[in-house]
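Asks: Here's a structure for you.
Please treat every number below as a calculation from the coordinates, not as lab data. For clarity, every value in this text was computed on a predicted model and none was experimentally measured. All Cβ positions, even for glycine, are placed from backbone atoms using ideal geometry, and neighbour counts span all protein chains on display.
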Amino acid sequence: MRERETLFRAGSRFGSARYLSQVELPGRERWVETAVADQPAVEPGGATLAGAAVAAFTLGVAGTSAAWAGIAEVETAALGFLALATGLVLAVPTLATDLLGYLRTPDESELRRPAAARWLTLAAAAALFLAAALVLDDGYRSGEVSGFGAGVAGCGELVLVLGAVWPGRGPAP
């Protein structure tokens, strides 16, 4: 037996599948069912953009918190503000696609509630981050970050974390 074929022999960690196309992938059936039922599914490209927005928001919270704590105030305040602004720019298309996905989901579908929770969570967090960016706008050049602005940004991050661990909200298909 050639070395290439030994990865997929019977009894391997892939079960009895001989070729990669025969390997059972978790969630694959759900993607097919969603496509057949003409329901919107979370696309991998959309998940990447949402992840980038969340990462930018998290970096913004870290930067504003560090500036508020007195760690390299000018640099970290500028980093925090620019990261929050970048997160807001990345959140706009994500919010739009999540809202459209929610509106396209039939009322009787089990995917409707998680879709609503997803876009409402991101909308609430984006609103808090927008408020934080507006509060922090005056002090990001001088490094003077107000405790209120850092607190509002922290509340936005808390909304994102709570939205990610929402009970009954399973992972994306």
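Asks: So how do F129, F148 line up by other beta-carbon neighbours within 10 Å, fewest first?
Replies: F148, F129
Asks: In debye, nearest 20: dipole of the stretch 70-145 around its Cα centre with unit charges on the Cβ of K, R (+) and D, E (-)?
Replies: Values: 5 positive and 9 negative charges, 60 e Å.
Roughly 280 debye, rounded to the nearest 20.
Asks: Please turn the phi angles of the stretch 151-156 into ³J(HN,Hα) values with the Karplus equation 6.51 cos²θ - 1.76 cosθ + 1.60 (θ = phi - 60°), one per residue in order, whole Hz, x for glycine and proline.
Replies: x, 5, 5, x, 5, x
Asks: Projecting each Cα onto the charge dipole of the stretch 43-164 (Lys/Arg +1, Asp/Glu -1 at the beta carbon, about the Cα centre), which of L134, A50, L158 comes out farthest on the positive side?
Replies: A50
Asks: Using each residue's phi in the stretch 99-108, evaluate 6.51 cos²θ - 1.76 cosθ + 1.60 at θ = phi - 60° and report the 3J(HN,Hα) Karplus result to the nearest Hz, with x for Gly and Pro.
Replies: The phi angles translate into 5, 5, x, 5, 5, 7, 6, x, 4, 8 Hz.
Asks: Per-residue counts of other Cβ atoms within 10 Å, averaged by peptide: what ranking do you get for 104-112, 116-124, highest first?
Replies: On the way: 104-112: 12.6, 116-124: 18.0.
Answer by packing, highest mean first, reads 116-124, 104-112.
Asks: Give the order of Y102, Y140 when sorted by the count of other beta carbons within 10 angstrom, beginning with the fewest.
Replies: Lowest count first: Y102, Y140.
Asks: Still on this structure, please answer the following. Give a residue-ordered list of calculated ³J(HN,Hα) values for the stretch 55-70 (Karplus: 6.51 cos²θ - 1.76 cosθ + 1.60, θ = phi - 60°; whole Hz; x for Gly, Pro).
Replies: Running phi through 6.51 cos²θ - 1.76 cosθ + 1.60 with θ = phi - 60° gives 5, 5, 4, 5, 5, x, 5, 5, x, 5, 5, 5, 5, 5, 7, x Hz.
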